[in-house]
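What follows is one structure encoded as structure tokens, with my remarks underneath.
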């Protein structure tokens, strides 16, 4: 009996030692737990996680939060004994909430893979809290063939004056050419966001730029100093279009179809339109919001994201290193980065696979040429639905009758409306 007991104890000791050894090995390698922000790429990330584990032996777990629940899911997961090692801090509010849990990524291997600093977030101390892993862009989509047919070249459009020359010439000869300059700029809910949100960004961006620093949070007031520049471009768009300004309020026009069918040479929209537009206009390109600002020859596209990685500063160094190694693999491995790019459009990393989205490639080319990125300052619009609703109302009045008095109402909705809505959400 004693011999049997001794044998059992010996076996248990061997098992225990083996288990400890396995645990030490895992701890030594570290592991990755990514709390994913984008449900639409969950399947892709699960496949990549398995592939990485098969190749390296490092355990990678991907958990995807349901749409609209990321903040609450992150809060719950961070309280667990094994919290996410990789998570998303997508905006300045996130920086305020989670900076204490974010590793400073300055000079890390993943930061050294970046090809731009434009999509990174810092806290007040200067710590690099999170880095963008994909981005989108918007601007003016152009059909080069129609521009050339009118006797011009896209390459000649370098600022507002050159854009104005091409646009007004096409509009003046629209009947003979068989196409107009801009597609319709409707003010119904399906279209107005292009002008009350995206086009408005040029005013916010240049105001932000003039301040000398990125806004750290939604400002209580704005000056509207660059509203005249917004007006220049807005007037150019609505007055040189297939649809008269007086007919924009009710909507009903399909701006995308007009562009795809060759009825207009210019279309105000974003990179998400590339798949649809390129079917009909495969060589379509995107140019910046030229609006008469000094030095705008070096302007790039409006680019931004809320998809930004942060590494948990509270997990072990082994887990932090494993997480960073995994991130580097995602953005530099030929096959892995190609898979990511296929799903996300473009990744701002030196060794990532090239994007197949032509408009995002246009954005990258502007970056490479030293042009400044127009970041998404429009994300700061306070009480956004009400703010844009009042702006639509004012723009409709102006579209119907382009007087100075009606433009003054646009300015009131744009500038005073900002302060009004900021106060509404602050109370």
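The values are calculated or read from the model by the stated rules, or taken from the named source; none is laboratory data. Because the structure is predicted, anything quoted here is derived from the model rather than measured. Ideal geometry is used to build each Cβ from the backbone, glycine not excepted, and the neighbour counts take in all protein chains shown.
Which ones in the range 40-58 are in contact with a strand residue (DSSP E or B) (Cβ under 7 Å, 6 or more places away or on another chain) and surrounded by 15 or more Cβ atoms within 10 Å (Cβ to Cβ)?
The first filter runs over the range 40-58 and keeps only residues in contact with a strand residue (DSSP E or B) (Cβ under 7 Å, 6 or more places away or on another chain), leaving 42, 45-46, 49, 52-53, 58.
Of everything in the range 40-58, those that are in contact with a strand residue (DSSP E or B) (Cβ under 7 Å, 6 or more places away or on another chain) and surrounded by 15 or more Cβ atoms within 10 Å (Cβ to Cβ) turn out to be 45, 46, 49, 52, 53, 58.
Can you confirm whether the range 382-402 contains a residue that is assigned to a helix (DSSP H, G or I), within 16 Å of the chain's Cα centre (by Cα) and surrounded by 20 or more Cβ atoms within 10 Å (Cβ to Cβ)?
First pass over the range 382-402, keeping only residues assigned to a helix (DSSP H, G or I): 384-400.
Filter once more, so that each one left must be within 16 Å of the chain's Cα centre (by Cα): none.
For the range 382-402, residues assigned to a helix (DSSP H, G or I), within 16 Å of the chain's Cα centre (by Cα) and surrounded by 20 or more Cβ atoms within 10 Å (Cβ to Cβ): absent.
Collect the residues in the range 252-266 that are buried (at least 24 other Cβ atoms within 10 Å of the Cβ) and touching a helix residue (DSSP H, G or I) at 6+ places or on another chain (Cβ under 6 Å), keeping them in residue-number order.
264, 265
Take the conditions part of a loop (DSSP other than H, G, I, E, B), in the same structural domain as residue 309 (by TED's automatic domain parsing), closer than 25 Å to residue 330 by Cβ and at pLDDT 85 or above and apply them to residue 80. Does it pass?
Criteria met by residue 80.
Taking the criterion of being out of contact with any helix residue (DSSP H, G or I) (no Cβ under 6 Å at 6 or more places or on another chain), in the same structural domain as residue 109 (by TED's automatic domain parsing) and closer than 22 Å to residue 139 by Cα, would at least one residue in the range 330-343 satisfy it?
yes
Looking for whichever is assigned to a strand (DSSP E or B) and over 24 Å from the mean Cα position of the chain (by Cα) here; the options are 53, 61. Which one fits?
Only one candidate qualifies: 61.
Can you tell me which residue is surrounded by the fewest Cβ atoms within 10 Å (Cβ to Cβ) among those in the range 88-111 that are under 17 Å from the mean Cα position of the chain (by Cα) and not in a helix (DSSP H, G or I)?
Across the range 88-111, the extreme among qualifying residues is 91.
Tell me the strands (runs of 3 or more DSSP E) entirely within the range 112-191 that contain at least 1 residues that are farther than 22 Å from residue 297 by Cα, at pLDDT 95 or above and touching a strand residue (DSSP E or B) at 6+ places or on another chain (Cβ under 8 Å).
Values: elements: 128-132, 136-142, 180-182.
Per the criteria, 128-132, 180-182.
Out of the range 118-151, which residues are under 19 Å from residue 359 (Cβ atoms) and under 12 Å from the mean Cα position of the chain (by Cα)?
118, 119, 132, 133, 134, 135, 136, 137, 138
Can you confirm whether residue 297 is surrounded by fewer than 19 Cβ atoms within 10 Å (Cβ to Cβ), in contact (Cβ under 8 Å) with a residue 60 or more places away in the chain and closer than 19 Å to residue 160 by Cα?
In short, yes.
List every residue pair whose Cβ atoms sit under 9 Å apart, with the two residues 6 or more apart in sequence or on different chains, where the first one lies in the range 366-383 and is outside the structural domain of residue 201 (by TED's automatic domain parsing) and touching a residue at least 24 places away in the same chain (Cβ under 8 Å) and the second, anywhere, is part of a strand (DSSP E or B) and surrounded by fewer than 18 Cβ atoms within 10 Å (Cβ to Cβ).
If the second residue must be part of a strand (DSSP E or B) and surrounded by fewer than 18 Cβ atoms within 10 Å (Cβ to Cβ), the pairs left are 366/372.
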